[in-house]
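Beneath this line is the structure, given in structure tokens, with notes to follow.
The values are calculated or read from the model by the stated rules, or taken from the named source; none is laboratory data. Predicted, not measured: the structure shown is a model, and the values here were computed from it. Cβ placement follows ideal geometry from the backbone for every residue including glycine, while neighbour counts extend to all protein chains displayed. Please note that ligands, DNA and RNA were not included when accessible areas were found on the heavy atoms of the full protein model with its side chains. Shrake-Rupley method; radii C 1.70, N 1.55, O 1.52, S 1.80 Å.
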Amino acid sequence: MRKMTAEKILAALVGIDSVSAHSNAPIIEYLVQRCEALGMRIQRHPYIDEFGIEKINLIAIAGTEFSDITTVELALVGHTDTVPYDTTWTEATKLTERDGKLYGRGACDTKAFIAAMLTAVGDLNLNLLKQPLALIFTADEELGLFGAKRLAAAKALRAHYAIVGEPTSLQPMRAGKGYCLAEVIVRGREAHSAYPAFGASAIFRAGRLLTRLEKIAEQLKDEQHPDFDPPYTTLNVGLIRGGTAKNVIPGECRFTLEWRPVPGQQPTRVLDLLSLSIKAELQGDADFACEIDAGRTDNGFETSASSDLVRLLQKLTEKPCGTVAFGTEAPQMIELGAEAVVLGPGDIRVAHRTGEFVPVDELNRCVEILSQAISHYCMGVGETSETRDLRSEI
């Protein structure tokens, strides 16, 4: 297969619709072709999602001559799925360049990082590898990190270091908040609104519980992690619905609770405090009924500022390390043994929107950074002056 630039690879990737609701098999097959052409060993990890759709995680490993190829020195990780796009965005799956920016669904999140991965590996002589390298392509990140979670649960491989692709404007992010979600269902008793004594309003009950959640949010502000903005776990009730008619005392009220725990705090901390609030409500209302369906309780992550990987990426990018408040696949890479850092071209603030884009210069600079990181960890020859200087410092 002929050598392609990062921009051409990105155009091919954007041209493959890989919205999470569909199978990612077409984009995986493209990646298989490119990785096999580079001489990498392929491992497919297929599964069927809850809707009966086939999804595939892909691991490509270079360094098959090593005796233990289940442990790699460096893993580069990118998710293959994207969020949906508005049908009026007619160029969503056709990469378009304007004013030094490349537009298309997934161009920023995170197909640009995948294109940089493939280009970086293609630019290097993999015969010079002294330590094995893995490229990991996951499914269903946008739906809840499901692909990465499956790889972690299966212990598909181990890695010493991992660079997880997300749009960070090429700033290395060494820590991230977790992401948690619960559906809270408050029960009441329906009755005619003219006779309230015969019923119990689920909406009134939910309102009291929401007031307690506001107090929990204030309490959590005292449990701070200074490296984040804001430096505490945030709560949000983004959806609420209840009742059936204006003259019926509502028998049910549901709301969706979201929280983003700081690293080091148990992701169930909010649930524990909510349970105490429900018990307090029962003291004044013995019939208070509430169910909690916790659909997602993902930990945050934190890699030490003194980590070799953090120091290397700070040097290569010439940017200080930072933190992110959104969910990433870094915790799953840590489960697989890695020191993990999140990094990638593009700005998270333009991800997921119509007109998503990645700057061309950031895409090409990402190729250089990843090439230097591979040199540093996996090759030991042909290193850049920057990686040689850092290795001597460490």
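Just for region 300-323: of the residues that are in contact with a Phe, Trp or Tyr (Cβ under 9 Å, 6 or more places away or on another chain) and not charged (D, E, K, R), which one is nearest to T110 (Cα to Cα)?
Checking each candidate, the answer is T323.
Determine which member of the set A134, A162, A156, A194 is part of a loop (DSSP other than H, G, I, E, B), aliphatic (A, V, I, L, M) and closer than 23 Å to E335 by Cα.
A156
Restrict the check to region 55-68 and report whether at least one residue is open to solvent by 10 Å² or more (accessible area, probe 1.4 Å), more than 26 Å from R353 (Cα to Cα) and within 25 Å of the chain's Cα centre (by Cα).
no
Considering only region 308-332, state which residues are assigned to a loop (DSSP other than H, G, I, E, B) and open to solvent by 30 Å² or more (accessible area, probe 1.4 Å).
Once the filter is applied, which keeps residues that are assigned to a loop (DSSP other than H, G, I, E, B) and open to solvent by 30 Å² or more (accessible area, probe 1.4 Å), region 308-332 yields E318, K319, P320, C321, A325, F326.
Go through (1) open to solvent by less than 10 Å² (accessible area, probe 1.4 Å); (2) in a strand (DSSP E or B) one by one and return the number of the condition I240 breaks.
(1) is the only condition that I240 fails.
For T354, state whether it is open to solvent by less than 10 Å² (accessible area, probe 1.4 Å), within 26 Å of F146 (Cα to Cα), in contact with a Phe, Trp or Tyr (Cβ under 8 Å, 6 or more places away or on another chain) and not in a helix (DSSP H, G or I).
No.
So E97 fits all but one of (1) without any contact (Cβ under 8 Å) to a residue 40 or more places away in the chain; (2) in a strand (DSSP E or B); what number is the exception?
E97 satisfies all of (1) without any contact (Cβ under 8 Å) to a residue 40 or more places away in the chain; (2) in a strand (DSSP E or B) except (1).
Does K111 meet the test of being out of contact with any Gly (no Cβ under 8 Å at 6 or more places or on another chain) and basic (K, R)?
No.
Looking at A340, A305, A294, A373, which is the one that is modelled with pLDDT of 95 or more, among the small types (G, A, S), surrounded by 21 or more Cβ atoms within 10 Å (Cβ to Cβ) and out of contact with any Ser or Thr (no Cβ under 7 Å at 6 or more places or on another chain)?
Just a single option satisfies the conditions, and that option is A373.
Listed here are the residues, each with its yes/no results for (1) in contact with a strand residue (DSSP E or B) (Cβ under 6 Å, 6 or more places away or on another chain); (2) open to solvent by less than 30 Å² (accessible area, probe 1.4 Å); (3) at pLDDT 95 or above.
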{"site": "P172", "(1), (2), (3)": "yes, yes, yes"}
{"site": "G178", "(1), (2), (3)": "yes, yes, yes"}
{"site": "A191", "(1), (2), (3)": "yes, yes, yes"}
{"site": "L220", "(1), (2), (3)": "no, yes, yes"}
{"site": "I249", "(1), (2), (3)": "yes, yes, yes"}
{"site": "P263", "(1), (2), (3)": "yes, yes, yes"}
{"site": "L276", "(1), (2), (3)": "no, no, yes"}
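Considering only residues that are in contact (Cβ under 8 Å) with a residue 24 or more places away in the chain, surrounded by fewer than 20 Cβ atoms within 10 Å (Cβ to Cβ) and farther than 22 Å from G322 by Cβ, which ones fall in region 147-170?
Once the filter is applied, which keeps residues that are in contact (Cβ under 8 Å) with a residue 24 or more places away in the chain, surrounded by fewer than 20 Cβ atoms within 10 Å (Cβ to Cβ) and farther than 22 Å from G322 by Cβ, region 147-170 yields K149, R150, A152, A154, K155, A156, R158, H160.
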